[in-house]
Amino acid sequence: MSFIPSYLKFADANELKNRANNAEHLLSSCCCCPRNCENDRTSNKYGYCQSGCLPIVSSYTAHFGEEPVLSGKHGAGNIFFGNCNLRCIFCQNSEISQNWNEERKHEVSVEKLAEIMIELQGKNCHNIGLVSPTHFAPQILKAISIAVSRGLYKPIIYNSNGYDSVKMLKLFDGVADIYLPDLKYGSNKYAKLYSDADEYFDYSKAAVKEMFRQIGAGLTYDGEVVIRGLIIRHLVLPNDLAETEKVFEFIASELSPDVHISLMSQYFPAHKVRKEILLQRTVRYSEYEKVLSLLEKYDLKNGWIQEMDSFETYKPDFKNNRENPFLNPA
């Protein structure tokens, strides 16, 4: 084994278990994310995320639709968690993120979640990708602790929407080797309007700063696959509703221009955008060109840029095909 993930390097053998226990206490008055609902989720009193004490696994699969350096030859071992702490009206995964009663049918024990991690490792996936993990962060830490006792050795990807608690992220310090957050908006106003997230830009900046503190700007590779690093995703919205320039300015000035960015053009009208005329179309070429020029303006040279037609291929079907919602190759 050429790579040893950070969670196997703890000097104290009980460190992971202690982290999981500390995180679990936060569920009794939930502060897993910036909403700080303070509901007792250990008694299944749902907060804004409409989730209780058990994690919801809506789907898990070897996924080839991520950045090439994460998917590699054998795929990212993605675990898609159900429900969400945001309400994006254009969510492309709304079938599992905002379909609460249905998704609660997919609750699993933390022991089962640990088994899923081991199963994905057994399929030779390059990593374990936690997709939308924020509202289940305590349960995930416990599952990782169990999985490690059963032989887990793949790097962990924390793939969130960016609306994360710094307090919780600190418990993942030395656990997650790869952070893959969204920076959805450079505007608190639009974040509230389209994702019902108060002070999103402020909270997400603080979260990404913590990720950067833990990981830094560089990427570490094993062959052609990243095994440690920070990659920030940004989805371009029509009519500049993501206020992209403010996002790029923050990355360049408060993190580092060396940070890797995954720029996404895959937006397509989905879910509830029929009510918002400014979101009822895909991104225009001229808009995308402007965003590319902003990368140059802020000297952001590292990362990946989606092709303009990516929206045509990125349409998961969780309703009819949970085992392979992205139609990944077998």
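Read the figures in this text as sums done on the coordinates, not as results from a lab. Because the structure is predicted, anything quoted here is derived from the model rather than measured. Positions of Cβ are backbone-derived with ideal geometry, glycine not excepted, and every protein chain shown enters the neighbour counts.
Of note:
- Cross-chain or 6+ apart pairs with Cβ under 6 Å, segment 23-52 first and at positive phi, then hydrophobic (A, V, I, L, M, F, W, C): Asn44/Cys53; Gln50/Trp100
- For segment 62-95, a tally of residues being in contact with a Phe, Trp or Tyr (Cβ under 9 Å, 6 or more places away or on another chain), in a strand (DSSP E or B) and of a type in the set (A, V, I, L, M) returns 2.
- All positions within segment 115-147 that are aliphatic (A, V, I, L, M) and within 15 Å of Gly77 (Cβ to Cβ): Ile116, Met117, Ile118, Leu120, Ile128, Leu130, Val131, Ile140, Ala143, Ile144, Ala147
- Hey, Lys297 more than 25 Å from Pro155 (Cβ to Cβ), basic (Lys, Arg) and surrounded by 14 or more Cβ atoms within 10 Å (Cβ to Cβ) or not: no
- Just one of the numbered conditions (1) of a type in the set (A, V, I, L, M); (2) in contact with a Leu (Cβ under 6 Å, 6 or more places away or on another chain); (3) more than 22 Å from Lys17 (Cα to Cα) is not true of Ile157: (3).
- Among the residues of segment 37-53, those that are surrounded by fewer than 22 Cβ atoms within 10 Å (Cβ to Cβ) and under 19 Å from the mean Cα position of the chain (by Cα) comprise Tyr48, Gln50.
- Residue that is farthest from Leu327 (Cα to Cα) [pool: residues in segment 57-110 that are surrounded by fewer than 22 Cβ atoms within 10 Å (Cβ to Cβ) and among the small types (Gly, Ala, Ser)]: Ser109
- Sole exception among (1) more than 16 Å from Glu66 (Cβ to Cβ); (2) in contact (Cβ under 8 Å) with a residue 60 or more places away in the chain for Lys209, by number: (2)
- Once segment 96-120 is narrowed to residues that are among the polar types (S, T, N, Q) and part of a helix (DSSP H, G or I), the residue that is farthest from Ala62 (Cα to Cα) is Asn101.
- Against the test of being within 16 Å of the chain's Cα centre (by Cα) and either over 17 Å from Leu169 (Cβ atoms) or not acidic (Asp, Glu) (or both), the options Gly223, Gly229, Gly216 yield a single qualifying residue, Gly229.
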